[in-house]
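Data block below; observations after.
The values are calculated or read from the model by the stated rules, or taken from the named source; none is laboratory data. These numbers were taken from a predicted model, which means no experiment stands behind them. Note that we place each Cβ from the backbone using ideal geometry, even for glycine, and neighbour counts take in every protein chain shown.
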Amino acid sequence: MGRSKKSKKQGFLQQESTSFLISLISISIIFIFIGYLMGQYALQSISTPKQQKSNDNQIALNKAIDTQLDNLSVQNSQPSTAEPNIDKETAQLRTATSELYRVQAGAFSQLSNAEAMVAQLEKAGFEAVISGGPPYRVQTGAFSSYENAELYANQLREKGFEAAVIHP
C-alpha cells in the first residue's frame, strides 16, 4: 500500500509540473508578444516627430515661396522686352502660381527620395522645392512663358536630370 501512495504522489507531481511548464511557456509567449507591440509603438512614436519636423519645414518653405511669388508678380507687372539668360535667379518663381509653367524634375512616393533629388539639384546649382505629397513633386522653376520654362528644362536635361514642363 505504501508503494501505491508514492506512485500516485509522483504521478500527481509529474502532472502538476507539466501543467506548470505549459503555463510558464504560455505566459512567456504572451509577454514576448506584448513586448513586441510596445517596441513597435515606441519606434513609431520616435520616428513621427522627425516626419512632422520635415513637414513643418516644407510648409515654411512653401509659405516663403508664396511670399516670393507675390513680390515677383508685382515686379513683373511691367512688360519686359527680353528675358535674361536663364540662371539661378531666373529659376525663382515670378508670377501668381495659377499662371505659371512649372519645371518638374521628378515625382516620388517617399519624401526621402524627393529630398535626395533636391540635394542633387542644389549641388548642380539649381534651386529646388518639394511640393505636395505623396507623390512628392520636385520642382526647380516656374515661368510665365512656356518658352522660358522649356529653355530651363533643357538646361536640366543637359546636366543629366529629367525635366518636364508642367502647364498651368
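Some values worked out for this structure:
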{"read-out": "Every pair of residues 6+ apart whose Cβ atoms lie under 7 Å, when the first sits in the stretch 131-160 and is under 16 Å from residue 120 (Cβ atoms) while the second is assigned to a loop (DSSP other than H, G, I, E, B) and of a type in the set (D, E, K, R)", "value": "140/127"}
{"read-out": "Yes/no for residue 156 being more than 30 Å from residue 47 (Cα to Cα), assigned to a helix (DSSP H, G or I) and at pLDDT 85 or above", "value": "yes"}
{"read-out": "Test for residue 91: is it in contact with a helix residue (DSSP H, G or I) (Cβ under 8 Å, 6 or more places away or on another chain) and either at pLDDT below 90 or of a type in the set (Phe, Trp, Tyr) (or both)", "value": "yes"}
{"read-out": "Residue list for the stretch 96-132, filter: β-branched (Val, Ile, Thr), assigned to a helix (DSSP H, G or I) and within 18 Å of residue 156 (Cα to Cα)", "value": "118"}
{"read-out": "Those residues of the stretch 121-144 which are touching a Ser or Thr at 6+ places or on another chain (Cβ under 7 Å), over 16 Å from residue 168 (Cα atoms) and not charged (D, E, K, R), in sequence order", "value": "121, 126, 128, 134, 135"}
